[in-house]
Amino acid sequence: DIQMTQSPPSLSASVGDRITITCRASQSISTYLNWYQQKPGNPPKLLICAASTLQSGVPSRFSGSGSGTDFTLTIGSLQPEDFATYYCQESYSSLYTFGQGTKLEIK
Amino acid sequence: QVQLVQSGSELKKPGASVKVSCKASGYTFTTYAMNWVRQAPGQGLEWMGWINTNSGHPTYGQGFTGRFVFSLDTSVSTAYLQISGLKGEDTAVYYCARNSGDYRGFDVWGQGTMVTVSS
């Protein structure tokens, strides 16, 4: 089974900062990688699919890159509403494994 | 608009069963597969499996065989998750989520159903 490892598990940053979250797959998954944002008490929201395709309505400060085993989610200039937990997910194996999450907190 | 509306919170005793519903609207139900995702309190997301909304064939993820059953009623565009023999570790929020297709993630989510198992 494919394992998905995110780093860091948590991150403190300030409004206006540029941050990057990393997701590593235990084997190559091409670009079958999705990113979600989850705020407390809410379901996850799909931000990016296929490693780099921004979902409709998602601000352009969000971007994704990578292929094979290494992927990144970048937020170009943090806004107050971006503080949340972010998950990666592989959709290569049809087991749809999620990473363990990265909690983004306000510094 | 496209949405998934789940049934309300449940409080169950150990050993009991629970059935969570997920009603779809705003799209053709049988066009997209439906997934189930579990989130224990304070924990991450865990994919439970999915059901083919055309054939009704379920696929269960690791750790979700035996006590977990996915089913459908296509006449009312609703997917169901039934859990039997409830244990304390089943306490979690359960989400249904539509698979957008072509390996592009889960684009529509239900609001979640909290299932609490306690004596």
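The values are calculated or read from the model by the stated rules, or taken from the named source; none is laboratory data. Remember, it's a predicted structure, so these values are computed and weren't measured experimentally. Positions of Cβ are backbone-derived with ideal geometry, glycine not excepted, and every protein chain shown enters the neighbour counts.
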So which of A:Ala25, A:Ala13 ends up being in contact with a strand residue (DSSP E or B) (Cβ under 8 Å, 6 or more places away or on another chain), more than 12 Å from chain B (Cβ to nearest Cβ) and buried (at least 17 other Cβ atoms within 10 Å of the Cβ)?
A:Ala25
Anything in segment A:65-81 that is within 14 Å of chain B (Cβ to nearest Cβ) and closer than 22 Å to B:Tyr95 by Cβ? List them, or say none.
A:Leu73
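Taking B:Val115 as the residue in question, decide whether it is under 24 Å from A:Gln89 (Cβ atoms), modelled with pLDDT of 95 or more and either of a type outside the set (Lys, Arg) or in contact with a strand residue (DSSP E or B) (Cβ under 7 Å, 6 or more places away or on another chain) (or both).
Numbers: under 24 Å from A:Gln89 (Cβ atoms): yes; modelled with pLDDT of 95 or more: yes; either of a type outside the set (Lys, Arg) or in contact with a strand residue (DSSP E or B) (Cβ under 7 Å, 6 or more places away or on another chain) (or both): yes.
Criteria met by B:Val115.
Looking only at segment A:56-90, count how many residues are in contact (Cβ under 8 Å) with a residue 60 or more places away in the chain, in a loop (DSSP other than H, G, I, E, B) and surrounded by 15 or more Cβ atoms within 10 Å (Cβ to Cβ).
Taking segment A:56-90 and keeping what is in contact (Cβ under 8 Å) with a residue 60 or more places away in the chain, we get A:77-80, A:86-90.
Then keep just the ones that are in a loop (DSSP other than H, G, I, E, B); that gives A:77-79.
Retained after the next criterion (residues that are surrounded by 15 or more Cβ atoms within 10 Å (Cβ to Cβ)): A:78.
Going through segment A:56-90 one residue at a time, the tally reaches 1.
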Quick test of your reading of the structure: B:Leu81 fulfils all but one of (1) within 13 Å of chain A (Cβ to nearest Cβ); (2) of a type outside the set (Gly, Ala, Ser); (3) within 15 Å of the chain's Cα centre (by Cα). Name the failing condition by number.
(1)
Within the group B:Ser7, B:Ser21, B:Ser77, which residue is surrounded by 13 or more Cβ atoms within 10 Å (Cβ to Cβ), among the polar types (S, T, N, Q) and in contact with a helix residue (DSSP H, G or I) (Cβ under 8 Å, 6 or more places away or on another chain)?
B:Ser77
Got a number for residues in segment B:1-58 being among the polar types (S, T, N, Q), under 14 Å from B:Gln82 (Cα atoms) and not in a loop (DSSP other than H, G, I, E, B)?
3
For segment A:40-55, state whether one or more residues are more than 8 Å from chain B (Cβ to nearest Cβ), of a type outside the set (A, V, I, L, M), touching a Lys or Arg at 6+ places or on another chain (Cβ under 9 Å) and part of a loop (DSSP other than H, G, I, E, B).
no
Taking segment A:83-107 as the region of interest, how many residues are away from chain B (no Cβ under 13 Å) and over 12 Å from the mean Cα position of the chain (by Cα)?
4
Of everything in segment B:101-119, what is over 16 Å from A:Thr97 (Cα atoms), within 7 Å of chain A (Cβ to nearest Cβ) and not in a strand (DSSP E or B)? Give them in sequence order.
B:Gly110, B:Gln111, B:Gly112
As an exercise: evaluate A:Leu95 against (1) within 23 Å of A:Val15 (Cα to Cα); (2) part of a loop (DSSP other than H, G, I, E, B); (3) among the aliphatic types (A, V, I, L, M); (4) in contact with a Gly (Cβ under 9 Å, 6 or more places away or on another chain) and give the number of the one condition it does not meet.
(1)
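Return the residue satisfying two criteria in turn: it lies in segment A:28-39 and is facing chain B (nearest Cβ under 10 Å) and in contact (Cβ under 8 Å) with a residue 40 or more places away in the chain, and of such residues it is surrounded by the fewest Cβ atoms within 10 Å (Cβ to Cβ). Quick ask: steps written out before the conclusion?
We begin by selecting, within segment A:28-39, every residue facing chain B (nearest Cβ under 10 Å); these are A:29-36, A:38.
Of the ones still in play, those that are also in contact (Cβ under 8 Å) with a residue 40 or more places away in the chain are A:29-30, A:32-36, A:38.
Numbers: A:Ile29: 23, A:Ser30: 15, A:Tyr32: 23, A:Leu33: 31, A:Asn34: 29, A:Trp35: 29, A:Tyr36: 27, A:Gln38: 19.
It comes out as A:Ser30.
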